[in-house]
1. Taking the structure as given and computing mean projected area of the Cα convex hull in nm², which label from (i) 20.6; (ii) 7.2; (iii) 11.0 fits?
2. Which of the residue pairs 45/101; 9/47; 45/102 have a Cα-Cα distance greater than 29 Å in the structure shown?
3. With the contact rule set at Cα under 8 Å and sequence spacing of 6 or more, what percent relative contact order holds for the chain?
Amino acid sequence: MRFSSTSIKGSGLGSIIGFPTINLLIPKTFNLRQGVHKCTVVIQKQKFQGALYYGPKTIVEKMGLTLEVHLLLFGMRNVLPTIHDEEEINVTIDKFIRKPKKISTLNELSKIIQNDVELLTEKHRIKC
């Protein structure tokens, strides 16, 4: 599945726990299984591997759905400062990883994301 979206301002929670994300506007006709997906992201003609989450908001805002992507490897540090709200982001979903989990603390969220990143970088041979 491929889709385009625009970046939007998030709560900053991902950056606080060490996993900054690009928050995306959920397209009107969006039909993606909720959970974590391995994906390929194209931003400003640069291609990155990412971990995309689509599902219920957790911890801070518990109402509604969120769509956000954490770029894997070192690319996030180089790209993130140049991403502006309403910037076009192109995403290709490569593989479903897992369903959403109930999370009640920031520490728990950080550990789950760390496990997802390790799984993606090891299992799918993404090198840092």
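1. Identified label for the calculated read-out: (ii).
2. Values: 45/101 33 Å; 9/47 21 Å; 45/102 35 Å.
The answer is 45/101; 45/102.
3. About 32 percent, as a whole number.
None of the figures in this text is laboratory data; all of them are computed from the coordinates on show. Remember, it's a predicted structure, so these values are computed and weren't measured experimentally.
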